[in-house]
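Single-structure report; data block below.
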Protein chains: 2
Amino acid sequence: MADVTSPAPLALPDVAALVVGVLGGTGAQGRGLGRRLAAAGHRVVLGSRDAGRAAEAAAALAADGLPVEGADNAGAATEADVVIAAIPYAGHRELLAGLAGALAGRIVVDCVNPLGFDSHGAFVLPVEAGSAALEAAAVLPSSRVVAAFHHVSAVLLEDPAVTSFDLDVLVLGDDRDATDTVQALAERIPGMRGVYAGRLRNAAQVEALTANLISVNRRYRTHAGIRVSGP
Amino acid sequence: MADVTSPAPLALPDVAALVVGVLGGTGAQGRGLGRRLAAAGHRVVLGSRDAGRAAEAAAALAADGLPVEGADNAGAATEADVVIAAIPYAGHRELLAGLAGALAGRIVVDCVNPLGFDSHGAFVLPVEAGSAALEAAAVLPSSRVVAAFHHVSAVLLEDPAVTSFDLDVLVLGDDRDATDTVQALAERIPGMRGVYAGRLRNAAQVEALTANLISVNRRYRTHAGIRVSGP
């Protein structure tokens, strides 16, 4: 056990009133982030290509008393202040490009890990744009793209028995207001800390590091996250 | 502050008797790792292209009572059980290729971060082999290449006032005995933990993550490391 004492917190904005949309809100990661942010008091709109499936996923959370609704992906985008893209990498570019209008002017949080899997575990898929986040930025020129939430275990997010997390959310982007907002949003979830970790051009390795955490999980039988430490 | 409680330790070998060679032992990272491993009781041979400069660097540590000698790089390789390549990325491939014979049969620990720098900070350099570690493995087919020690601040390593570290050393490789040995070696330094983090094919992002830690350092004015956390 070690105390993780650094980096020192910097002042972040009050984001309590923000509405959060989740593209891919019927997947485990999207449902899990939706659950946690709704539990923190945010109105959450889960989006899906199929509005009916989104409504079902939302109803399951609403049954737990959480302020969650469902919509199609475009609806989840236009209802929200901050939109989390929790979608598979397959189809990532096309899905976001099709929502460019709905996402214009909004903060878009890309948490996509472009990974493949074989008998040795996870490996990194090549992305022509350099990373999923840069790909998002390329097709969403009118949005403020931030990369974050790559290392959060969907299993833990969805487990109601987990009441607090032990991880830092690395937040990357080229717009300070947007990264500050997403850091503050991460900190709405108990135990999570939002740590600024560079510009979007350095997102590829943060996405790819998820492959290493999967290796850690296999070796040590855990759900690994990371903490940033200092002296 | 948070307790980092996971992953659970697995049994590692006793490496106390191993001799450590350091290629690039006159640079800050090489000198710093040499200092710390010598302080842990290892015989350390600092190597350099210029044996005279290596002898000077070694003498500075020996003056502190540490068991450190200097040699040319080939000498540092052949004297050692484990050889740490703490060399600049420029010339990395050529330097290692020229030492392939001296390094045959040994564990070679690559801690090289292929990074460039501009006014926005650090960015990742393209590496044809995929990563510095894979490049090392390609030119050292008779060595056991392990990637580790990428995220250790040379400034802290060299600061005698720093008596303990707060970071995990991510260790990657395809040879379990070799990664276990390097994990154990990392744990000879107070406060460091060696964590297996995947096969060599997943080293690129661990090397590149150093760019993000540099961004953290700039934003938070710290010397950031990482810890792996679990539930």
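The values are calculated or read from the model by the stated rules, or taken from the named source; none is laboratory data. Being a predicted model, the structure only gives us computed values, none of them experimental. Positions of Cβ are generated from backbone atoms using ideal geometry, with glycine treated the same way; all protein chains shown enter the neighbour counts. Surface areas here come from the heavy atoms of the whole protein model, side chains and all, with no ligands, DNA or RNA. Shrake-Rupley method; radii C 1.70, N 1.55, O 1.52, S 1.80 Å.
Points to keep in mind about this one:
- Residue check for A:ALA104: within 18 Å of A:THR179 (Cβ to Cβ) and modelled with pLDDT of 95 or more: no
- Hits in the stretch B:187-201 (condition: on the phi < 0 side of the Ramachandran plot, within 7 Å of another protein chain (Cβ to nearest Cβ) and under 17 Å from the mean Cα position of the chain (by Cα)): B:VAL195, B:TYR196, B:ALA197, B:ARG199
- Residues in the stretch B:158-183 that are surrounded by fewer than 22 Cβ atoms within 10 Å (Cβ to Cβ), within 15 Å of B:ALA224 (Cβ to Cβ) and away from chain A (no Cβ under 11 Å): there are none.
- Pairs where the first residue, in the stretch A:196-209, is surrounded by 24 or more Cβ atoms within 10 Å (Cβ to Cβ) and the second is among the aromatic types (Phe, Trp, Tyr), C-beta under 7 Å, 6+ apart: A:ASN202/B:PHE123
- Selection within the stretch B:169-190 - of a type in the set (Val, Ile, Thr) and touching a helix residue (DSSP H, G or I) at 6+ places or on another chain (Cβ under 7 Å): B:VAL169, B:VAL171, B:ILE189
- Within the stretch B:107-128, the residues that satisfy the criterion of being touching a residue at least 12 places away in the same chain (Cβ under 8 Å), more than 11 Å from every other protein chain (Cβ to nearest Cβ) and over 15 Å from the mean Cα position of the chain (by Cα) are B:LEU125, B:VAL127.
Every residue, every condition in (1) away from chain A (no Cβ under 14 Å); (2) crowded, with 21+ Cβ neighbours inside 10 Å; (3) modelled with pLDDT under 95, yes or no:
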{"site": "B:PRO7", "(1), (2), (3)": "no, yes, yes"}
{"site": "B:ASP14", "(1), (2), (3)": "yes, no, no"}
{"site": "B:ALA38", "(1), (2), (3)": "yes, yes, no"}
{"site": "B:ALA62", "(1), (2), (3)": "yes, no, no"}
{"site": "B:GLY65", "(1), (2), (3)": "yes, no, no"}
{"site": "B:VAL68", "(1), (2), (3)": "yes, yes, no"}
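- Residues located in the stretch B:120-166, provided they are more than 29 Å from A:PRO126 (Cβ to Cβ) and acidic (Asp, Glu): B:GLU158, B:ASP159, B:ASP166
- Summed over the stretch A:40-66, residues that are closer than 19 Å to A:VAL155 by Cβ and out of contact with any Lys or Arg (no Cβ under 9 Å at 6 or more places or on another chain) total 0.
- Cross-chain or 6+ apart pairs with Cβ under 8 Å, the stretch A:78-99 first and within 14 Å of A:ALA147 (Cα to Cα), then open to solvent by 20 Å² or more (accessible area, probe 1.4 Å) and small (Gly, Ala, Ser): A:ALA86/A:GLY27; A:ILE87/A:GLY27
- Any hit, the stretch B:202-218, residues being assigned to a helix (DSSP H, G or I), more than 13 Å from chain A (Cβ to nearest Cβ) and not acidic (Asp, Glu): no
- Qualifying positions in the stretch B:78-96 - closer than 16 Å to B:VAL182 by Cα and either open to solvent by less than 10 Å² (accessible area, probe 1.4 Å) or part of a helix (DSSP H, G or I) (or both): B:ALA80, B:VAL82, B:VAL83, B:ILE84, B:ALA85
- Some residue of the stretch A:137-148 being under 26 Å from B:VAL169 (Cβ atoms) and either within 12 Å of chain B (Cβ to nearest Cβ) or surrounded by 24 or more Cβ atoms within 10 Å (Cβ to Cβ) (or both): yes
- Residues that are open to solvent by less than 40 Å² (accessible area, probe 1.4 Å) and part of a loop (DSSP other than H, G, I, E, B) within the stretch A:40-60 comprise A:ALA40, A:HIS42, listed in sequence order.
- Residue match in the stretch A:21-35 (condition: open to solvent by less than 70 Å² (accessible area, probe 1.4 Å) and out of contact with any helix residue (DSSP H, G or I) (no Cβ under 9 Å at 6 or more places or on another chain)): no
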